[in-house]
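The values are calculated or read from the model by the stated rules, or taken from the named source; none is laboratory data. All values reported here derive from a predicted model rather than from experimental measurement. Reconstructed Cβ throughout: ideal geometry from the backbone, glycine too, with neighbour counts over all protein chains shown. These area figures cover heavy atoms from the full protein model, side chains too; ligands, DNA and RNA do not enter into them. Shrake-Rupley method; radii C 1.70, N 1.55, O 1.52, S 1.80 Å.
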Amino acid sequence: MWSHVGKSFGDAQVWYVARVDNRAPTLASVALNVRALDASRAIVGSSQVTLPNVPGQSNFDYFGYLGGPPSDTNLTGTPVKIDVSEAHNAFGQAGAVEMPMLRTSEITLALGSEDTNTNAPYSYDLTAKVTNDISREVDGGVTQQVVLYDSAGHVVGGDTGTSDNAPDSLPTGMSYREQWTGIPALHHAVRAVYSVWVG
């Protein structure tokens, strides 16, 4: 639904947001094939990403990037378009993975001053409370992302990665505080959607 070609530590990088709608009444697992295409529609960067479990009757905006550090993908040309499609049979015959999202609350977003190491003109800081509301202890680390929106609801930036603040062991029912600084944005943001999942 959104993409931007920018720079990360001086190297070309493509940011993108893909919206996944789960119209079923139960949790769904999905993997995506993401391809950056040049003007001749040749692939200049690609990855296959696995999304967290998306609750039933809801949608999820996934933030990702291709090329540039800290990505492990390189861009071999100049991208002009991002192509996103479902990766069929990505999980083999099982057809599902267990990557549940944890509950987030008390999310605050503030204009920051930290260098984002990108060419984005805005920097934001976020704080949040993350609660383990699943039926087992979380001890293998978590992935987190934030998508930033303007007052019209358009994506203006975001970031993704692992958390340095998650405890080594998070029993069911316990919470931790998250702090994230230097989230890049292309325009002024008024709202952040922050997501955390196991894995």
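Among residues of region 102-115 being open to solvent by less than 50 Å² (accessible area, probe 1.4 Å) and in contact (Cβ under 8 Å) with a residue 40 or more places away in the chain, the one that is farthest from TRP197 (Cα to Cα) is GLY112. Do we find that VAL17 is of a type in the set (Val, Ile, Thr) and closer than 15 Å to GLN145 by Cβ in this structure? Answer is yes for this residue. In region 146-159, is there at least one residue being outside the structural domain of SER71 (by the TED database), open to solvent by 10 Å² or more (accessible area, probe 1.4 Å), of a type in the set (S, T, N, Q) and over 27 Å from TRP2 (Cβ atoms)? Within region 146-159 (the criterion being outside the structural domain of SER71 (by the TED database), open to solvent by 10 Å² or more (accessible area, probe 1.4 Å), of a type in the set (S, T, N, Q) and over 27 Å from TRP2 (Cβ atoms)), the answer is no, since none of the residues qualifies. Of the residues making up region 19-39, at least one is over 26 Å from GLY140 (Cα atoms), open to solvent by 10 Å² or more (accessible area, probe 1.4 Å) and within 13 Å of the chain's Cα centre (by Cα). Being in contact (Cβ under 8 Å) with a residue 12 or more places away in the chain, outside the structural domain of MET174 (by the TED database) and part of a loop (DSSP other than H, G, I, E, B) is a description that applies to ASN74.
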